[in-house]
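The values are calculated or read from the model by the stated rules, or taken from the named source; none is laboratory data. All values reported here derive from a predicted model rather than from experimental measurement. Note: ideal-geometry Cβ built from the backbone for every residue, glycine included; neighbour counts use all protein chains shown.
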Amino acid sequence: MAKGIALKLAQDRKAHISNIIYDLSLDIPDNASDSILGEEKVFFDLSEKSQVVLDFNARPENIKKVIINDKEVDPLFNNEHIILQGDYLKQGANEIQITFIAGDQSLNRHDEYLYTLFVPDRASTCFPVFDQPDLKAKFNLSLTVPIEWKAVANGSVAKKLSKGSKTTYDFTTSPLISTYLFSFAAGKMEKITRQVNGREMNMYHRETDTVKVNRNVDAIFEWHSKALLWMEEYSGQSYPFEKFDFVLIPSFQYGGMEHPGAILYKSSSLLLDESPTLRQQMGQGQLIAHETAHMWFGDMVTMKWFDDVWLKEVFANFMASKIVNPGFPEINHDLQFLMSHYPAAYAVDRSQGTHPIQQPLENLKNAGTLYGSIIYHKAPVVMHMLEEAMGEEAFKNGLRQYLKKFAFDNASWDDLIAIMAKDADFDIHEWNKSWVKEAGMPSVYFYMKSKDKKTISKFDVYTRVEAKNNSEGWKQDLSLLLGNQDSLYFMPAPLLTDSDALDMKGKQEPNYVFTNGGGLGYGYFQLGNKTKKWLLADIDSLKEPVLRAAVWIDLYESMLRAQIAPEELMDRCVKSIVKEKEGLIVSYITDIIRDIFWKFYTEEQRQKVAGQLEGIALNMAINTDSQNLKSTFFHLLTSITTTPHGEAILKSFWSHDTDVEGLTLSENDYTNLAYGLAVREVEDYEEILDQQLERISNPDRKAKFKFVMPALSADSAVRNDFFRKLKEPENRENEDWVLTALSYLHHPLRAETSVQYITPSLEMLEEVQLTGDIFFPQRWLSTTLGGHSSYTAQDAVSMFLYAHHNYPTHLKNKVLQSSDMLFRAVDVKKKYAN
């Protein structure tokens, strides 16, 4: 029997086990290091008398007693499973009673609070359970906690009894949910209750800044209410669960997690600082709408197996945009969609570690490795493509049928495609085969033949994925941008829905052709030499923001493929950044500047441009009228500063000697300034850190700052000791803290000394994946490798991959994804060295 939950085991259990109910009681002590005692009853029906396997990924000695149908038995263990012998089981109803000590791995215990995070298969790290998504169950939970604590779970509080120093909360029975959606949180928390549009909601939090809470609380409740009402109307189904509560967690691992009745959020994602930008306000709404949409997509209708985990995520993202966008009419939402999804998706899809949207999965222990930018960013692009091809109404009706048919059940992507196929008037199965079931980022080419260099005699647009030479699939509807010396025009190229419509025979031959003229096509759009020179020279003259942004993305992709020199693109960035007015495009240009500065420039090149870039960033932060742009340029300044003059400016901001009208800095900004000054080893940096620690009043944020401080030390021995401690899983439990510390440990200014940590970090990856939450392995790698661009670092990754040629594919892909920029930086610098 394999560790984890193998597909074969899951299929066998699904075929024989049904009607599952868990009665679970946990006694949580005040001291986070003391054991949690548990009592559990598991009720289920068996279709035939046979052996049954429960999952329990904790120490076998944690199981103290097992009673099967009133008969106490000696528990049998095998690779994270409890074997229930068939001799004691029967066809029909069975009852298992278990006394145990709860496993701690996914309980996220802190001195004054704890919360569960059981996605994708981590419920079994806490208590015995059938830990697979298609064995939905009802949960009856009883929590005994310290008397000053509050508790929240999927169900409402049915009974509350205080005795001595403890309070026991008994919760109502949950509806049918998957084990990864079962959740509870408890601790010293404040509770805010609101009635919004006739629905009661409760918000739990630990924020000590009451002004910040009061500034955000109305918007938080209003967005939840708006999202619920919108989803009910769109889906044609009422909110499917009993109650609606949410908990704001300090340093939470994700933006949010969609437990029905007990949504968990990262506190800082909802409690915005003073004077938030429009994008931050929109992000707050989108996160709330995303988790609310999950109540239908994921919680009510759940994927059968985690190979379709993307299905719940893509619809949560998709619905969130539909819910929130109308509330921000001043934002160009096509531009927002482009900039939010395409660069992040390309970052994985261009790498050798890319994968299909729908990925194979043989064991749930590897389910966390399926998460990433392909799911969260490429999938929404593909879903938008499907809605555009089908039409909005046909698409909506298909989703309504899907939700109605599979309510409180499990379904697959293929189930949905079968419904959608009835109303699709294009080859949806061929589309599905390429875009969902195959890996890769298509390259888009055009072929043009003309008579006498004047009139087109033949024109074709075709796509292929590298190393596949497949031009039949990967069809999408595009709009071509065609240009001559004095004019530009667009030509539709509906390659997916009406490929015969593209007919350019007899038209004047253009000087320039950009095959993504509509801006929202997905892929690498090959640029001819004339078009490349024209776009580099005249990008600012393109009036449509979505087109302008798409060109910026394609120019950057061209540089990554060594088709444009970094100096050439940097020159264009510097010229355009002072002219561009669209905040999202400015933000993207500053990202390009950062990447070129730290990854694609040599130290000599950085020294040449550092003063100029610092001056532009400071000048624009002072003189631009837009609050959003002020913040963008300020953060560019803090990230690329390397000169003594620039460091002095940053120090004056931190010490409150300098401020900019219209630029409001938060506690987080000042914390990041202190971090940045320390990693630059400015004079008195230790005193700056000590003073910043004193400035922070919130105990959770203060604890994080203390954790990060050793990673900032100028003493390499202190940094080495800090890294050694990360090899112990208990020192990696607060993942947000670890990632912040790693970002400074591997800061480009420290790259020469931190390269020594790359190989041991890679060697720790398998354990990091087993002990960390779903996003942690990728973030561990990205933060470890993100500050490096040297041949030495590249060699460390190459040697690791060579030495581990039989490395698990799912983790090897993560290494290839995270190291892609490192390898490209080395190659590009080599090509343009002179």
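Structure summary
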{"read-out": "Per-region count, segment 670-711, residues in a helix (DSSP H, G or I) and either among the hydroxyl-bearing types (Ser, Thr, Tyr) or touching a residue at least 40 places away in the same chain (Cβ under 8 Å) (or both)", "value": "10"}
{"read-out": "Inter-residue pairs, beta-carbon under 7 Å, first farther than 17 Å from Glu95 by Cα and in segment 58-77, second of a type in the set (Val, Ile, Thr) and not in a strand (DSSP E or B), 6+ apart", "value": "Ala58/Thr125"}
{"read-out": "Segment 515-544, subset free of Cβ contacts under 8 Å to residues at least 60 places away in the same chain and among the β-branched types (Val, Ile, Thr), residue surrounded by the most Cβ atoms within 10 Å (Cβ to Cβ)", "value": "Thr531"}
{"read-out": "Some residue of segment 561-578 being buried (at least 22 other Cβ atoms within 10 Å of the Cβ), touching a residue at least 60 places away in the same chain (Cβ under 8 Å) and not small (Gly, Ala, Ser)", "value": "yes"}
{"read-out": "Complete set of residues in segment 255-294 that are touching a Leu at 6+ places or on another chain (Cβ under 8 Å) and under 18 Å from Leu399 (Cβ atoms)", "value": "Glu258, Thr292"}
{"read-out": "Residue match in segment 285-303 (condition: modelled with pLDDT under 95, outside any loop (DSSP other than H, G, I, E, B) and either under 19 Å from Pro380 (Cβ atoms) or not charged (D, E, K, R) (or both))", "value": "no"}
{"read-out": "Scan of segment 648-663 for residues that are under 15 Å from Tyr685 (Cβ atoms), in contact with a Ser or Thr (Cβ under 8 Å, 6 or more places away or on another chain) and surrounded by fewer than 16 Cβ atoms within 10 Å (Cβ to Cβ), ordered by number", "value": "Ser652"}
{"read-out": "Hits in segment 160-185 (condition: without any contact (Cβ under 8 Å) to a residue 12 or more places away in the chain and touching a strand residue (DSSP E or B) at 6+ places or on another chain (Cβ under 6 Å))", "value": "Lys160, Leu161"}
{"read-out": "Matching option when the condition is outside any loop (DSSP other than H, G, I, E, B) and assigned by TED's automatic domain parsing to the domain that holds Leu107, among Asp34, Asp23, Asp30", "value": "Asp23"}
{"read-out": "Check on Asn79, surrounded by fewer than 21 Cβ atoms within 10 Å (Cβ to Cβ), more than 25 Å from Thr168 (Cβ to Cβ) and not β-branched (Val, Ile, Thr)", "value": "yes"}
{"read-out": "Residue that is crowded, with 18+ Cβ neighbours inside 10 Å, β-branched (Val, Ile, Thr), outside the structural domain of Tyr371 (by TED's automatic domain parsing) and not in a helix (DSSP H, G or I), where the choices are Ile774, Ile758", "value": "Ile774"}
{"read-out": "Condition check for Lys188: modelled with pLDDT of 95 or more, in contact with a strand residue (DSSP E or B) (Cβ under 8 Å, 6 or more places away or on another chain), surrounded by fewer than 21 Cβ atoms within 10 Å (Cβ to Cβ) and under 18 Å from Asn202 (Cβ atoms)", "value": "yes"}
{"read-out": "Condition met for Trp474 (in the same structural domain as Met390 (by TED's automatic domain parsing), under 23 Å from Arg350 (Cβ atoms) and not hydroxyl-bearing (Ser, Thr, Tyr))", "value": "no"}
{"read-out": "Phe118 vs. criteria assigned to a loop (DSSP other than H, G, I, E, B), under 24 Å from Lys304 (Cα atoms) and touching a residue at least 40 places away in the same chain (Cβ under 8 Å)", "value": "yes"}
{"read-out": "Checking Val211 against (1) among the aliphatic types (A, V, I, L, M); (2) in contact (Cβ under 8 Å) with a residue 12 or more places away in the chain; (3) over 25 Å from Tyr402 (Cβ atoms), the condition it does not meet", "value": "(2)"}
{"read-out": "Selected residue (only one of Ile553, Ile564, Ile539, Ile577 is in contact with a helix residue (DSSP H, G or I) (Cβ under 8 Å, 6 or more places away or on another chain) and within 16 Å of Leu338 (Cα to Cα))", "value": "Ile553"}
{"read-out": "Scan of segment 27-67 for residues that are of a type in the set (Ser, Thr, Tyr) and under 19 Å from His81 (Cα atoms), ordered by number", "value": "Ser50"}
{"read-out": "Checklist (1) out of contact with any Gly (no Cβ under 7 Å at 6 or more places or on another chain); (2) assigned to a helix (DSSP H, G or I) applied to Lys630, failing item", "value": "(1)"}
{"read-out": "Members of segment 224-279 found to be in a helix (DSSP H, G or I), within 27 Å of Glu733 (Cβ to Cβ) and touching a Ser or Thr at 6+ places or on another chain (Cβ under 9 Å), listed by number", "value": "Ser267, Ser268"}
{"read-out": "Test: residue in segment 371-394 that is among the β-branched types (Val, Ile, Thr) and touching a Lys or Arg at 6+ places or on another chain (Cβ under 9 Å)", "value": "no"}
{"read-out": "Segment 781-834, residues that are small (Gly, Ala, Ser), part of a helix (DSSP H, G or I) and in contact (Cβ under 8 Å) with a residue 12 or more places away in the chain", "value": "Ser782, Ala793, Ala796, Ser818, Ser819, Ala825"}
{"read-out": "Top-ranked residue of segment 352-378 - restricted to ones that are polar (S, T, N, Q) and surrounded by fewer than 19 Cβ atoms within 10 Å (Cβ to Cβ), ranked as nearest to Glu466 (Cα to Cα)", "value": "Gln352"}
{"read-out": "Residues of segment 408-427 classified as of a type outside the set (Gly, Ala, Ser), touching a residue at least 24 places away in the same chain (Cβ under 8 Å) and not in a loop (DSSP other than H, G, I, E, B), total", "value": "5"}
{"read-out": "Residue, farthest from Ala674 (Cα to Cα), within segment 631-661, restricted to residues that are touching a residue at least 40 places away in the same chain (Cβ under 8 Å) and hydrophobic (A, V, I, L, M, F, W, C)", "value": "Phe633"}
{"read-out": "Of all residues making up segment 118-142, the number that are buried (at least 24 other Cβ atoms within 10 Å of the Cβ) and among the aliphatic types (A, V, I, L, M)", "value": "3"}
{"read-out": "Verdict on Tyr685 being under 29 Å from Val211 (Cβ atoms) and out of contact with any Lys or Arg (no Cβ under 6 Å at 6 or more places or on another chain)", "value": "no"}
